[in-house]
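A short write-up of the structure that comes next.
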Amino acid sequence: MAGKSRFTRLDAFTKTVEDARVRTTSGGVVTITSLIVIFWLVWGEWADYRRVIVRPELVVDKGRGEKMEISMNITFPRVPCQLLTLDVMDVSGEIQMGVVHGVSKTRLSPENEGSKAIESTALELHKDDAQHLDPDYCGECYGAPPPTAGVKAGCCNTCDEVREAYASISWSFGRGEGVEQCEREHYAEHLDAQRKEGCRLEGAISVNKVIGNFHIAPGKSFSNGNLHVHDLENYFKDESHTFTHIINHLRFGPKLSDVVIQNMQKNHQASGPGGWTNHHINPLDGTDQHTDEMAYNFMYFVKVVSTAYLPLGWESAAPRNDHLGSTIDHSYKGSIETHQYSVTSHRRSLGGGSDEEAGHKERIHARGGIPGVFFSYDISPMKVVNREVRDKTFSGFLVGLCAVIGGTLTVAAAIDRAVYEGVNQVKKMHSN
């Protein structure tokens, strides 16, 4: 009993006997109202606990030896596919000339006929494995060294291989007159038949994550010492050729599905203003550039910022199989490594002279260069990390829950006491 009496003295929650309790109608109304308020506020606390927000962080990009995907869809309504060449080069010394893997070309009808799609093939101008020839056939390279990647070592069995051999020693190829392989493949006839057509390049390329550039220019490309040169002879034979172009899209990084983007936008709205970076928005999408000059080029200077999106539970997700040109869909729950970019552009005539037409009389353009569309990209040393987090921790949820229940009941008790005392005072006044 002694132990019991000691605990009794410590009881902070004194009880009232049943006979001393008074139940009133107003008390019942206040109780029901307080319960409704408690349920409403508890639901709000639960919604806050379940809410996912995105918190951006800016960190130093410590990645090394990484690759970067560049996806493009660019339309050239006034240059045929036979003349277009895609080259990639960077400061590490890597050069990809005449890129053919991962990119396709679509022939387009002449511009005055609506530039409608005619045919879509891989980005190889005149591929011919020459399988129909005698197995012992070995085509002549006409004084040029045979290409190392030829179908048959030491031979030039196709027109494209002869062109490759000429380019390796910086010889101009022209229309392939007198070249047996080109006459067999009707190279010159194809050039003439498609001279008024347009072309759309579409696909993805993989590049080193260092400063570099890629460009789309006419003619076969080759290196001459420290110079990068294109064979422009066939391009300048038709005055209708210009590098008017439409950038349907240009993206650095993998494609995100519509569902993934919608989820990002939903979490962005929960984060409030400035709580998220729109890294799926590409500023060059829909760019339309026009020129009537053949000797004209367009330059885009791109600043690329690495961007990561870390959804909840990304640490335990299975790694993604990175296939060039693949799409990240809603089933992937791991970290999304992509890039966002800013861009400035410049255009000039290769003839040089004043830029008065663009409203800059004081600006003088240099002479020379290669007609085409050039993209120079620089990699930022900083990285943006968008991390999904819960807006409230579980302990914070419990604290809020206790505050809601305790606070509501305390306020309800005060209101009930005030109403009860008020009613009693009114009764006393009427009885007197």
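The values are calculated or read from the model by the stated rules, or taken from the named source; none is laboratory data. Computed from a predicted model, the values in this text were never measured in an experiment. Backbone-built Cβ (ideal geometry, glycine too); neighbour counts: all protein chains shown. Areas reflect the complete protein model, heavy atoms only, side chains present, ligands, DNA and RNA absent. Shrake-Rupley method; radii C 1.70, N 1.55, O 1.52, S 1.80 Å.
Some observations on this one:
- The residue that is farthest from residue 32 (Cα to Cα), counting only those in region 387-432 that are outside any helix (DSSP H, G or I) and charged (D, E, K, R), is 387.
- Taken over region 208-251, the criterion of being surrounded by 16 or more Cβ atoms within 10 Å (Cβ to Cβ) and of a type in the set (Asp, Glu) is satisfied by 231, 238.
Conditions (1) in contact with a helix residue (DSSP H, G or I) (Cβ under 9 Å, 6 or more places away or on another chain); (2) open to solvent by less than 40 Å² (accessible area, probe 1.4 Å); (3) modelled with pLDDT under 75, marked per residue:
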position	(1), (2), (3)
12	no, no, yes
17	no, no, yes
28	no, yes, no
61	no, yes, no
64	no, no, no
70	no, yes, no
85	no, yes, no
90	no, yes, no
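- Residue match in region 112-132 (condition: of a type outside the set (A, V, I, L, M), at pLDDT 75 or above and either in a strand (DSSP E or B) or open to solvent by less than 30 Å² (accessible area, probe 1.4 Å) (or both)): no
- Failed item in (1) closer than 27 Å to residue 312 by Cβ; (2) at pLDDT 85 or above; (3) open to solvent by less than 50 Å² (accessible area, probe 1.4 Å), with residue 52 passing the rest: (2)
- Of all the residues in region 395-410, those that are in contact (Cβ under 8 Å) with a residue 60 or more places away in the chain and more than 18 Å from residue 50 (Cβ to Cβ) number 3.
- When residue 80 is tested against (1) modelled with pLDDT of 85 or more; (2) loosely packed, with under 14 Cβ neighbours inside 10 Å, just one condition goes unmet, and that condition is (2).
- Considering region 280-379, the qualifying strands (runs of 3 or more DSSP E), each wholly inside and each with 1 or more residues that are open to solvent by 20 Å² or more (accessible area, probe 1.4 Å), at pLDDT below 70 and small (Gly, Ala, Ser), run over 353-355.
- Filter result (under 30 Å from residue 285 (Cα atoms) and open to solvent by less than 70 Å² (accessible area, probe 1.4 Å)) within region 169-207: 194, 195, 197, 198, 199, 200, 201, 203, 204, 205, 206, 207
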